[in-house]
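Values in this text are rule-based calculations from the coordinates and carry no lab data. For clarity, every value in this text was computed on a predicted model and none was experimentally measured. FYI the Cβ positions are ideal-geometry reconstructions off the backbone, even for glycines, and counts take in every protein chain you see.
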């Protein structure tokens, strides 16, 4: 099924290992494998919880004295740090989540302190300060989530700094797109073949250039979407949408060029993966149903779930673990989407955000625990 | 294993220390700084309120930036002579910080953004629920500012002699 399964199967066929050894290896890897998507989703949940706490404080701003606000923040910040240090194990989801909350909590703290002391200034300064604060915790992290966030924040900070330095307000969007290009290409180079590779080394299976390219494309896609979204998010702005798609494709091809040393006969396969990822990403906006009556929403949701269940089935039939994981992951996200659609504007309150964060972490954990059962059922019924 | 545990402790302690050092610096400015009162005017009549804070421009009484020189984007200083209570402070000197007079002990560091001098004091946070009662910077508004070694921290906004929140509550009634 997975790349590891294929390799193990090949070794058994060539009598390099026997069947018993093969099964022992597979059992060990299944027990010790790390699912980075689970960490990423847990990260989203953590951010939602943090934002919820901040929102609760902000809503009661008038009634809390500044000294009390600072004291509560200090307790939370130090508390998360101590919890991380005291949590046993080296690389558990809980330990890494605590470190993530601790590191990202500095952003909330800076916002709180800015409000108490009425501070203002260019955007790049607090971001640069956060980069300094987050540097050591990022090095201490055993997963790559914080490293990726740190690198992305570095590029955003450089972008804002250059904009401030050259007072480039009129060139804002061109500068954003240009920096996004450079940023994504530099990330791929650093991650894979460049001088930062030893520090920003990816997990073993990410060394494959295919996934590297896909990640670079997704990062670029997301950054361009977030930054120019208000201009392309119009039903009639077809040209903007096509430009957006072309930008992602061109940079993905540039990323391919940077990784050409690692690519041999897999070029065609890489392009297939690339376009698959881009296509799937384009489908993601349909994660949330349009504003129609409840029967229409029900039909829409069932149709969406059916399509992705079908994609998961294709993953099983084609032996693609990645495709199966992605499809089940999207299905899990849809359930979270139902919560947001049901709660509506209440999710923007402090309590709503905290509940959202907890729900996201729970769904991520359930997805991780039960997708193997679904996989076995699909394989049995194939 | 011991090294990674030690490194983890350092990775937690140092950022927390840096963060609280920053808060201590701001508290020092508030506690030890010289209090000044400066007049303020509206920043942008179309968008005076953004989110939870009020944006304004400080009226120094004299133009500090000409908008023509690249050197003005470097550190600029403004010297003040404190005046009587409830009167805005007077600007005694302004220019490139290294050229600051030796007798200038109460000063603010900032930067010229074309014709606007900014020193990180042009924003005041308050609960958004009060925004409906404040759609413009009141005419006789001033800021109470604590200045220490060129850094300023806004303590309050006064409308006449009334703090801003009391002024808003009066308007609410």
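Worth a mention:
- Going from the fewest other Cβ atoms within 10 Å to the most, the residues B:4, A:97 appear in the order B:4, A:97.
- Cβ crowding within 10 Å, taken as a proxy for footprinting-reagent exposure, orders A:124, B:93 from fewest neighbours to most as B:93, A:124.
- A simple spin-label model places pseudo-atoms 7 Å from Cα toward Cβ; at residue A:78 and residue A:123 they are separated by 3.4 nm.
- With a Förster radius of 56 Å applied to the beta-carbon distance between residue B:171 and residue A:29, the computed FRET efficiency rounds to 0.25.
- Cβ-derived FRET efficiency at R0 51 Å, residue B:103 paired with residue A:11, nearest 0.05: 0.05
- Inter-part distance where the stretch A:119-154 and the stretch B:13-38 are each reduced to a Cα centre, Å: 22
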